[in-house]
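The values are calculated or read from the model by the stated rules, or taken from the named source; none is laboratory data. This structure is a prediction, so every number in the text was calculated from the model and none was measured. Heads up, the Cβs are rebuilt from the backbone with ideal geometry, glycines too, and the neighbour counts pull from every protein chain shown.
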Amino acid sequence: AQSVTQLDSQVPVFEEAPVELRCNYSSSVSVYLFWYVQYPNQGLQLLLKYLSGSTLVKGINGFEAEFNKSQTSFHLRKPSVHISDTAEYFCAVSANNAGNMLTFGGGTRLMVKP
Amino acid sequence: DTGVSQNPRHKITKRGQNVTFRCDPISEHNRLYWYRQTLGQGPEFLTYFQNEAQLEKSRLLSDRFSAERPKGSFSTLEIQRTEQGDSAMYLCASSLLSNTEAFFGQGTRLTVV
């Protein structure tokens, strides 16, 4: 079984400042890693994913994440946030032999202030 | 194709009533998933289909819940004898067999009063 911990339930940040949203996971098997964004009353949109290869992955809207196997982390970063980045962000994992079933963290609410 | 479609978007029902939700996946997507998301939490896996076969069910899926995908296209999720604890957003997602990316619908928000 897998589990995902998002260490911060809320992250307030000023516009144009950098941000990091933290994600740690545990699994007894190899996993794929994902970050999704959810705007109010909407479904989930994929920001980026790590399947294999380079540990630094770039996604949409200027986000990137780095996979650290030794620390079992997959933190999400953006060098300069915009008001429109205000949303809920979910880290998720799937065992790479598990038919794409996702285990999600509890989410981090990013609040960008002007 | 505009993505995964879920209907209705909102449903308010009285405790004890039955409800049914529908999900239309992206065309040609073999896999279809249902998740439940309660307020302030991440989505939790309920069940998934590969074509018309239901391959996995979570322990969260009690006997009052049933899901079908009769022709390997759209899927329905039925909740019988609804309880207040069933109030949540029900999310549907689909993916290709050969692709690890799941595309989510906008969800159906259920409120049991």
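Within the range A:94-114, which residues are at pLDDT 95 or above, in a strand (DSSP E or B) and closer than 13 Å to A:L33 by Cα? Of everything in the range A:94-114, just one residue is at pLDDT 95 or above, in a strand (DSSP E or B) and closer than 13 Å to A:L33 by Cα, namely A:F104.
Restricting attention to the range B:60-75, the residues being surrounded by fewer than 15 Cβ atoms within 10 Å (Cβ to Cβ) and within 14 Å of another protein chain (Cβ to nearest Cβ) number 1. Any residue at all in the range B:93-109 that's more than 16 Å from A:Q42 (Cβ to Cβ) and either basic (K, R) or more than 14 Å from every other protein chain (Cβ to nearest Cβ) (or both)? No: zero hits. Annotation: of all residues in the range A:26-43 being closer than 14 Å to A:N96 by Cα and surrounded by 15 or more Cβ atoms within 10 Å (Cβ to Cβ), the one that is nearest to the other protein chains (Cβ to nearest Cβ) is A:Y32.
For the range A:49-60, a residue qualifies if it is in contact with a strand residue (DSSP E or B) (Cβ under 7 Å, 6 or more places away or on another chain), of a type outside the set (K, R) and either at positive phi or more than 14 Å from chain B (Cβ to nearest Cβ) (or both), and the qualifying residues are A:T55, A:L56. Tallying residues that are of a type outside the set (A, V, I, L, M), out of contact with any Cys (no Cβ under 9 Å at 6 or more places or on another chain) and surrounded by 14 or more Cβ atoms within 10 Å (Cβ to Cβ) within the range B:23-50 yields 13.
Right, B:T2: touching a residue at least 12 places away in the same chain (Cβ under 8 Å) and more than 9 Å from chain A (Cβ to nearest Cβ) or not? Here the answer is no, as B:T2 does not meet what is asked. Note on the range A:1-10: among residues that are surrounded by fewer than 17 Cβ atoms within 10 Å (Cβ to Cβ) and under 13 Å from the mean Cα position of the chain (by Cα), the one that is nearest to A:M101 (Cα to Cα) is A:T5. The condition of being out of contact with any Cys (no Cβ under 8 Å at 6 or more places or on another chain), within 24 Å of B:G40 (Cβ to Cβ) and either at pLDDT 95 or above or away from chain A (no Cβ under 13 Å) (or both) does not hold for B:E78.
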